[in-house]
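Colleague: Have a look at this one before I ask anything.
Please treat every number below as a calculation from the coordinates, not as lab data. Keep in mind that what you see is a predicted model, and the values were worked out from it rather than measured. Positions of Cβ are backbone-derived with ideal geometry, glycine not excepted, and every protein chain shown enters the neighbour counts.
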Amino acid sequence: MPEPVLFRDRSRPVQILLGGIIPAATGAGAGILIGVSSTWYWVLAILAAAGSVLSGFEHQDGWGGADRGLAAGAIYGIALLVAHAIAGTHAKVSLGSFPPLLAVVTAIAGMFLAGFGGRLARAQRERAAARNEPPPTTVAG
């Protein structure tokens, strides 16, 4: 199985797309859906969470994934709040008593999810490397 291209090795425009534009667009979509349907909001939120875990696979380990997840989660949360405010609808899902805190919550969630993905990827690479290594030699005595 080929190694995924690491985020740091991608071109700057692709980094901006993957690390900024996609989280912003997803957050904006969630911000619109939160005033339309709680079901579709949660469907998009679950897809965003899965994307966060998968984004971690583009990093060497959990720490790199966590850094990206923190930024992307904050972008997602801010875009959600801005789009919801622009839409001017009543939220079908609670935004909490202080909605700006949602951006902090999504940043932390993104950090943990992408960090988890990065850790899974690292473990997967370590297992693959262990399978490809020759067995240790023993000296008969």
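Colleague: Tell me, what is the percent relative contact order of the chain, built from C-alpha pairs under 8 Å that lie six or more residues apart?
Modeller: Worked out over the chain, it gives 32 percent.
Colleague: Once you have the Cα-Cα distance between Thr39 and Lys92, take 0.36 nm times their residue separation minus that, and quote the gain in nm to one decimal.
Modeller: 18.2 nm
Colleague: For a quick check, take a GNM of the chain with Cα springs below 10 Å and name the residue from Leu113, Leu70, Leu101 with the largest mean-square fluctuation.
Modeller: Looking only at Leu113, Leu70, Leu101, the largest GNM fluctuation is found for Leu101.
Colleague: Ok, one more. Report, in debye and to the nearest 20, how large the dipole of segment 23-125 comes out about its Cα centre when Lys and Arg carry +1 and Asp and Glu carry -1 on their Cβ.
Modeller: 120 debye
Colleague: Please determine, in degrees from 0 to 90 and to the nearest 10, the orientation of helix 101-132 with respect to the longest principal axis defined by the Cα atoms of the chain, where the helix direction is its Cα long axis.
Modeller: Helix 101-132 and the main axis of the chain meet at about 20 degrees.
Colleague: Would you be so kind as to identify which of Pro23, Ser38, Ala79 lies farthest towards the positive end of the dipole of segment 7-132, taking Lys and Arg as +1 and Asp and Glu as -1 on Cβ and the Cα centre as origin?
Modeller: Farthest towards the positive pole: Pro23.
Colleague: When a footprinting reagent is the concern and you count Cβ atoms within 10 Å, what order do Thr106, Thr39 take, fewest first?
Modeller: Ordered by Cβ neighbours within 10 Å, fewest first: Thr39, Thr106.
Colleague: Any idea what angle helix 38-55 forms with the longest principal axis of the chain, computed on alpha-carbon atoms, 0 to 90 degrees, nearest 10?
Modeller: Tilt relative to the chain: about 30 degrees.
Colleague: Using each residue's phi in segment 64-80, evaluate 6.51 cos²θ - 1.76 cosθ + 1.60 at θ = phi - 60° and report the 3J(HN,Hα) Karplus result to the nearest Hz, with x for Gly and Pro.
Modeller: Once rounded to whole Hz, the list reads x, x, 5, 4, 5, x, 4, 5, 5, x, 5, 4, 4, x, 5, 4, 4.
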